[in-house]
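Engineer: Pasting a structure here, questions to come.
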Amino acid sequence: MDNRMTVIDGSFGEGGGQILRTSLALSLVTGRPFRMENIRAGREKPGLLRQHLAAVEAAAAVSGAAVRGNSIGSGRIEFEPGEVKGGEYRFAVGTAGSATLVFQSVLPALMLASEPSSVTLEGGTHNPWAPPFDFMQKVFLPALERMGPKVTLNLERCGFFPAGGGCFHARVEPAVKIERIDILERGQIKRRSVRALVACLPEHIGAREVDTVREKLGIDASDSSVSSVPSRGPGNVLIIEIESEGAMELVTGYGRRGVAAEEVAKEAVKEARGYLASGAPVGRHLADQLLIPMAIAGGGSFRTCAPTEHTRTNAEVIGRFLDIGVEIVQAGEFAWQVDVATRR
């Protein structure tokens with residue numbers, strides 16, 4: 001265990017909650033304590049919100065960590081992890097804040113634990129500011145499984161913004177070693193599909209979204225669907241799946257008050273077309289999430305769309321905890337290559 005305190009300015013880079021979540025994940029993996037200052041300093045509501053505090057509490061629970069500053073609105077926190085232990089856990093965000101992001105804060109450590117874990121998470125499962133449950137299940141975890149760990153998810157109930165109330169269960173089978181992977185070629189597109197989920201809303205909203213996507217992306221009726229799902233409050237998510245020989249991408253659009261269903265669909269189509277035009281196998285959200293497991297593995301590479309500020313910030317935080325460098329270089333008109341490697 002590395003007892004050196006790492007000090008991180010929470011306002012740098014994208015300046016949001018991801019800096020905290022990445023720091024928690026890497027602190028658990030390395031055993032290295034950290035102090036974070038200026039947490040979300042530039043945001044409209046600075047400091048820890050309920051979903052960020054839920055991530056801190058989850059990280060503390062799986063490791064018996066000592067924590068100072070863990071209160072709503074706190075702009076400074078100290079986190080000293082203990083030994084990570086598998087087992088049965090239940091974490092509740094208490095709002096529509098993302099339960100998937102809370103899970104990602106503890107997953108890297110649990111996939112290296114000495115025993116399996118069963119985790120139940122409550123909160124938002126589908127909101128516009130985080131990877132939805134479907135993305136975790138169909139895109140991120142299959143890529144992670146290629147590296148060794150096996151993680152299975154089961155959705156009990158959807159949780160949309162602002163009501164929340166979603167719930168899912170995760171089973172984490174650790175790996176003895178996290179293996180390097182390289183995802184550089186997309187190959188041929190095998191299938192495109194679209195589906196809309198609606199909760200406490202008329203199904204015609206989802207149908208209009210799906211029809212718009214089908215028209216603009218040439219998707220067959222047999223590869224499209226609209227489903228009503230149980231939820232505590234109203235919600236609507238549009239999901240476009242693009243399956244290729246070397247990867248899977250999932251693009252989402254969220255219905256919101258005052259925005260026509262057709263406009264929601266057009267926004268999602270624009271993102272899907274950007275992914276298709278890049279020729280890269282890894283979408284922009286998966287790019288954010290692959291960096292931590294690749295850093296733990298000691299290396300890896302992938303090609304992606306134009307990197308987001310989240311990706312660049314994640315790369316910077318990784319370098320604070322591990323002797324790992326992340327190089328991002330343009331590899332085509334719309335594609336970038338990301339290489340993760342031990343520093344020489």
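Engineer: Normalised by the residues of the range 173-243, what does the relative contact order come to in percent, with Cα pairs under 8 Å and at least six apart?
Structural biologist: Once divided by the residue count of the range 173-243, the mean separation gives 44 percent.
Engineer: If packing is taken as the mean number of other Cβ atoms within 10 Å per residue, what is the order of 314-326, 69-81, highest first? Please report the intermediate quantities before stating the final value.
Structural biologist: Numbers: 314-326: 19.2, 69-81: 17.4.
So the peptides 314-326, 69-81, ranked by packing, come out 314-326, 69-81.
Engineer: Compute and list, largest first, the equivalent-ellipsoid semi-axes of the range 184-251 from the alpha carbon gyration tensor, each √(5λ) rounded to a whole angstrom. Working shown, then result.
Structural biologist: Numbers: eigenvalues 132, 37, 12 Å².
Equivalent ellipsoid of the range 184-251: 26, 14, 8 Å, largest first.
Engineer: Please report, largest first and rounded to whole Å, the three semi-axes of the ellipsoid equivalent to the chain, where each semi-axis is the square root of five times an eigenvalue of the C-alpha gyration tensor. Numbers along the way, then the final one.
Structural biologist: Working: eigenvalues 198, 114, 68 Å².
Working from the Cα gyration tensor, I get semi-axes of 31, 24, 19 Å.
Engineer: For the ranges 20-33, 38-51, what's the packing order if you count other beta-carbon atoms within 10 Å of each residue, average per peptide, and put the highest first? If you can, show how the numbers build up before the last one.
Structural biologist: Numbers: 20-33: 23.4, 38-51: 16.9.
Ranking the peptides 20-33, 38-51 by packing returns 20-33, 38-51.
Engineer: On C-alpha positions alone, give me the angle between the axis of helix 17-30 and the longest principal axis of the chain, in degrees, nearest 10.
Structural biologist: Its long axis makes an angle of about 50 degrees.
Engineer: Additional query: Given the rule -39500 (n - 2.57) for each run of at least 4 DSSP H residues, summed and divided by the residues of the chain, what is its mean residue ellipticity at 222 nm, to the nearest 500 deg cm²/dmol? Could the numbers behind the result be given before it?
Structural biologist: Working: 8 runs with 105 residues, N = 344.
Result for the chain: -9500 deg cm²/dmol, rounded to the nearest 500.
Engineer: Rounded to the nearest 0.05, what FRET efficiency is calculated for ARG320 and GLU263 with R0 set to 45 Å and r the Cβ-Cβ distance? Can you show the working numbers first?
Structural biologist: Numbers: r = 40 Å, r/R0 = 0.90.
E(calc), rounded to 0.05, equals 0.65.
Engineer: LYS45: which aspartates and glutamates have alpha carbons under 16 Å from its alpha carbon, excluding same-chain residues fewer than 8 sequence positions away?
Structural biologist: Partners found: GLU14, GLU37.
Engineer: If I model the range 47-132 as equal point scatterers sitting on the Cα atoms and use the Debye formula, what is log10 I(q)/I(0) at q = 0.24 Å⁻¹?
Structural biologist: -1.20
Engineer: Sticking with this structure for a sec: Computing the accessible area with a 1.4 Å probe over protein heavy atoms, can you report the carbon and sulfur percentage for the range 185-312? Kindly include the intermediate steps, with their values, before the conclusion.
Structural biologist: Details: 2520 of 5440 Å².
Summing carbon and sulfur atoms, their accessible area is 46 percent of the total for the range 185-312.
Engineer: Then there is this: Residues of the range 262-340: accessible area per residue at 1.4 Å, in Å²?
Structural biologist: Details: 2890 Å² over 79 residues.
Per residue, the range 262-340 has an accessible area of 37 Å².
Engineer: Next question, about the same structure. Report the one residue of LEU290, LEU217, VAL264 whose Cα lies farthest in the direction of the positive end of the charge dipole of the range 193-299 (charges on C-beta: Lys and Arg +1, Asp and Glu -1; origin at the Cα centre).
Structural biologist: Result: VAL264.
Engineer: Please give every one of the lysines within straight-line cross-link reach of LYS150, meaning a C-alpha to C-alpha distance under 21 Å, and leave out same-chain neighbours fewer than 8 residues apart.
Structural biologist: Leaving aside lysines fewer than 8 places away in the same chain, those within reach of LYS150 are LYS85, LYS138, LYS177.
Engineer: What is the pair-distance distribution P(r) of the range 199-344, computed from all Cα-Cα distances in 5 Å bins starting at 0, with each bin given as a whole percent?
Structural biologist: Binned Cα distances yield the sequence 2, 9, 17, 17, 14, 13, 11, 9, 6, 2, 0, 0.
Engineer: Sticking with this one: Once both axes come from the Cα atoms, what is the angle between helix 309-321 and the longest principal axis of the chain, in degrees from 0 to 90, rounded to 10?
Structural biologist: 20 degrees
Engineer: Taking only Cα atoms, what is the 0 to 90° angle, nearest 10, from helix 284-297's long axis to the longest principal axis of the chain?
Structural biologist: 30 degrees
Engineer: Rg to Rh for the range 133-274: what is it, with Cα atoms only and Rh by Kirkwood?
Structural biologist: Working: Rg = 16.5 Å, Rh = 16.4 Å.
Here Rg/Rh amounts to 1.01.
Engineer: Further, regarding this structure: Under the classification rounded if a/c is under 1.5, otherwise prolate if a/b is larger than b/c and oblate if not, where does the range 66-191 fall, given a ≥ b ≥ c as square roots of the Cα gyration tensor eigenvalues?
Structural biologist: Values: a/c = 1.74, a/b = 1.20, b/c = 1.46.
Note, shape of the range 66-191 comes out oblate.
The values are calculated or read from the model by the stated rules, or taken from the named source; none is laboratory data. These numbers were taken from a predicted model, which means no experiment stands behind them. Cβ atoms come from the backbone with ideal geometry, glycine included; neighbour counts cover every protein chain shown. Side chains included, ligands, DNA and RNA excluded: accessible areas come from the protein's heavy atoms. Shrake-Rupley method; radii C 1.70, N 1.55, O 1.52, S 1.80 Å.
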